[in-house]
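Chemist: Structure in structure tokens, see below.
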Amino acid sequence: MKQAAERLRVGPFREDAFESPLHSTRVASWLGLALGVSFTVCFLTGLLSHVIQRPPSWFLWPSRPAGLYRITQGVHVATGIAAIPLLLAKLWTVYPKLWRWPAVSSVAHAVERVSLVPLVGGSLFLLFTGVGSITRWFPWSFSFPRAHYAASWIAIGGLVAHVGAKWTTFRLGIARANPERTDPTWAREADGRLSRRGLLRTAFAGAGLLTLATVGQTLRPLERLALLAPRRPSAGPQGLPVNKTAGSANVIAAATSPDYRLRVTGTVTSPLDLTLEELRALPQREAVLPIACVDGWSASAAWRGVPVGDLLAMAGAPEDAECEVRSLQDQRRPYSSAELNRLHAADADTLLALEVNGEPLHLDHGFPVGLIGPNRPGVMQTKWVGEVVVR
Ligand SMILES: Nc1nc2c(c(=O)[nH]1)N[C@H]1C(S)=C(S)[C@@H](COP(=O)(O)O)O[C@H]1N2
Ligand SMILES: [Mo]
């Protein structure tokens with residue numbers, strides 16, 4: 001019986017099938033540490049972005065500090081991008097284990113191996129859909145936020161199981177006393193071949209370079225290095241990028257019509273119906289605030305317009321009012337409206353902006369009226385606002 005099993009041990013199942021020293025526990029452990037940190041940070045910042053956009057009843061996202069979401073979402077996208085070379089290097093280092101003999105040696109081992117399916121599958125899915133989304137390349141028909149969110153729980157579940165199963169191996173892998181570390185070929189292989197230390201450094205340098213080449217999409221001093229970033233934060237009309245144009249949102253006629261009105265409706269004592277001239281005649285306020293897209297780019301600008309709080313007061317809205325800000329777009333379209341929770345509605349810098357950087361809003365930036373508020377995801381800064389519904 002045992003002999004028969006041994007005879008099946010051919011091809012990649014042979015004991016010496018993968019002889020490269022680069023398939024190393026120590027390399028896998030260090031890559032695992034970096035991946036564990038980047039995945040955890042990416043997961044938590046992603047979860048935060050999710051609950052800000054779909055708040056459960058216990059969650060109230062503050063409007064301050066104004067630039068907080070810009071940071072958390074910048075970190076989310078940056079850690080996801082940095083994880084790509086780390087994950088590829090890690091998968092390459094450990095893939096010979098797929099042919100481990102015997103395939104399963106105990107129940108715990110079986111659980112550990114099975115948990116790789118959600119971990120590896122979920123991770124690859126997250127990184128692939130994440131990159132697709134930030135480059136606005138959607139070779140799929142499912143809803144990106146829902147699928148990306150569901151996959152994050154699947155991957156993080158696999159990660160928890162994996163960390164539990166591998167903890168001892170990992171500790172030995174990164175220990176100072178690890179015999180690989182003192183092995184002379186750790187740092188230098190014969191014949192100029194890549195050493196294990198060289199592989200680790202290459203993977204970390206890859207992650208670093210990829211970060212440097214993309215993080216300038218939100219970190220303005222590094223903008224010139226952002227060669228691989230899908231968006232330059234200052235490329236676009238009035239120095240701001242455009243994802244969605246007025247043309248593609250199908251609002252040009254309504255936004256430029258002389259019949260344009262901004263309406264304030266809902267649970268108010270005196271609903272408002274204001275022309276653009278009337279809006280311009282109201283006291284204006286200026287605020288320097290960033291647009292912080294979920295895709296990881298952000299750009300700051302000086303916005304000028306009427307504080308939402310002033311309009312709510314004029315309309316006789318209750319204290320602590322929340323509202324829904326609706327664009328002129330077809331209301332069935334994604335991102336055609338956004339919620340203002342009571343903290344965002346009451347913040348003096350939450351504006352219905354008429355101007356940006358000293359000029360009337362460009363049509364693609366939301367002319368005639370765009371919502372801009374502190375500490376909000378870009379998708380919740382509704383452009384081409386037509387109505388504010390108070391609750
Ligand atoms: N009405 C409406 N407002 C919108 C959007 C939209 O699709 N429709 N896109 C949002 C997104 S995703 C971002 S990041 C900000 C800035 O987008 P822009 O770069 O297209 O101006 O506007 C937001 N406002
Ligand atoms: Mo966005």
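The values are calculated or read from the model by the stated rules, or taken from the named source; none is laboratory data. Keep in mind that this is a model prediction, so the values were computed, not measured. Don't worry about glycine lacking a Cβ; one is built from the backbone with ideal geometry, like all the others, and counts go over all protein chains shown. Quick note on the areas: whole protein, heavy atoms, side chains included, nothing else; ligands and nucleic acids left out. Shrake-Rupley method; radii C 1.70, N 1.55, O 1.52, S 1.80 Å.
Chemist: For segment 345-356, does any single residue satisfy the condition of being surrounded by fewer than 18 Cβ atoms within 10 Å (Cβ to Cβ) and in contact with a strand residue (DSSP E or B) (Cβ under 8 Å, 6 or more places away or on another chain)?
Modeler: Of segment 345-356, the ones surrounded by fewer than 18 Cβ atoms within 10 Å (Cβ to Cβ) are 348.
Among the residues that remain, those that are also in contact with a strand residue (DSSP E or B) (Cβ under 8 Å, 6 or more places away or on another chain) are: 348.
Yes.
Chemist: Ok, one more. On the given criteria, is Asn243 within 16 Å of ligand 1 (Cβ to nearest atom) and at pLDDT below 95? Lay out the reasoning, then the answer.
Modeler: Numbers: within 16 Å of ligand 1 (Cβ to nearest atom): yes; at pLDDT below 95: yes.
Against the criterion (within 16 Å of ligand 1 (Cβ to nearest atom) and at pLDDT below 95), Asn243 qualifies.
Chemist: Consider segment 38-80. How many of its residues are in a loop (DSSP other than H, G, I, E, B) and polar (S, T, N, Q)?
Modeler: Final tally of qualifying residues: 2.
Chemist: Just to check your reading of the model, which residue among Lys97, Lys90 is open to solvent by 30 Å² or more (accessible area, probe 1.4 Å) and in contact with a Leu (Cβ under 6 Å, 6 or more places away or on another chain)?
Modeler: Testing whether each residue is open to solvent by 30 Å² or more (accessible area, probe 1.4 Å) and in contact with a Leu (Cβ under 6 Å, 6 or more places away or on another chain) leaves just Lys90.
Chemist: Another question, then. Can you tell me which residue within segment 241-281, out of those that are among the hydroxyl-bearing types (Ser, Thr, Tyr) and within 16 Å of ligand 2 (Cβ to nearest atom), is farthest from the chain's Cα centre (by Cα)?
Modeler: Taking the candidates together, the pick is Ser248.
Chemist: Residues to consider are Leu210, Leu227; find the one that is open to solvent by 60 Å² or more (accessible area, probe 1.4 Å) and not hydroxyl-bearing (Ser, Thr, Tyr).
Modeler: Leu227
Chemist: For segment 308-348, how many residues are free of Cβ contacts under 8 Å to residues at least 12 places away in the same chain and closer than 22 Å to Trp58 by Cβ?
Modeler: 1
Chemist: I would also like to ask the following. Could you list, in sequence order, the residues of segment 302-331 that are assigned to a strand (DSSP E or B) and either within 18 Å of Val385 (Cα to Cα) or within 15 Å of ligand 2 (Cβ to nearest atom) (or both)?
Modeler: Scanning segment 302-331 gives Trp303, Arg304, Gly305, Val306, Pro307, Cys323, Glu324, Val325, Arg326, Ser327.
Chemist: What single numbered condition from (1) loosely packed, with under 14 Cβ neighbours inside 10 Å; (2) among the polar types (S, T, N, Q); (3) closer than 30 Å to Gly216 by Cβ fails to hold for Ser123?
Modeler: (1)
Chemist: His109 - would you say it is at pLDDT below 95 and surrounded by 14 or more Cβ atoms within 10 Å (Cβ to Cβ)?
Modeler: Taking the combined requirement at face value, the residue satisfies it.
Chemist: Of Thr269, Thr182, which residue is open to solvent by 90 Å² or more (accessible area, probe 1.4 Å) and in contact with a Gly (Cβ under 6 Å, 6 or more places away or on another chain)?
Modeler: Of Thr269, Thr182, the one residue that is open to solvent by 90 Å² or more (accessible area, probe 1.4 Å) and in contact with a Gly (Cβ under 6 Å, 6 or more places away or on another chain) is Thr269.
Chemist: Name the residue, out of Ala147, Ala155, Ala175, Ala151, that is open to solvent by less than 40 Å² (accessible area, probe 1.4 Å), among the hydrophobic types (A, V, I, L, M, F, W, C), in contact (Cβ under 8 Å) with a residue 12 or more places away in the chain and out of contact with any helix residue (DSSP H, G or I) (no Cβ under 6 Å at 6 or more places or on another chain).
Modeler: None of the others qualify; the one that does is Ala147.
Chemist: Would you mind telling me which numbered condition in (1) out of contact with any strand residue (DSSP E or B) (no Cβ under 6 Å at 6 or more places or on another chain); (2) under 16 Å from Leu352 (Cβ atoms); (3) in a loop (DSSP other than H, G, I, E, B) Lys244 fails?
Modeler: It fails just one condition, (2).
Chemist: Also: Just checking, does segment 282-300 include any residue being assigned to a helix (DSSP H, G or I), open to solvent by 50 Å² or more (accessible area, probe 1.4 Å) and either within 16 Å of ligand 2 (Cβ to nearest atom) or touching a residue at least 12 places away in the same chain (Cβ under 8 Å) (or both)?
Modeler: Residues of segment 282-300 assigned to a helix (DSSP H, G or I): none.
No, segment 282-300 contains no residue that is assigned to a helix (DSSP H, G or I), open to solvent by 50 Å² or more (accessible area, probe 1.4 Å) and either within 16 Å of ligand 2 (Cβ to nearest atom) or touching a residue at least 12 places away in the same chain (Cβ under 8 Å) (or both).
Chemist: For the subset of segment 332-360 comprising residues that are near ligand 1 (Cβ under 10 Å from one of its atoms) and in a loop (DSSP other than H, G, I, E, B), which member is modelled with the highest pLDDT?
Modeler: Ser336
Chemist: I'd like to verify a number: residues in segment 319-344 that are open to solvent by 30 Å² or more (accessible area, probe 1.4 Å), in contact with a helix residue (DSSP H, G or I) (Cβ under 9 Å, 6 or more places away or on another chain) and at negative phi, how many?
Modeler: 7
Chemist: Could you check how many residues of segment 357-391 are of a type in the set (A, V, I, L, M), buried (at least 22 other Cβ atoms within 10 Å of the Cβ) and closer than 16 Å to Asn250 by Cα?
Modeler: 2
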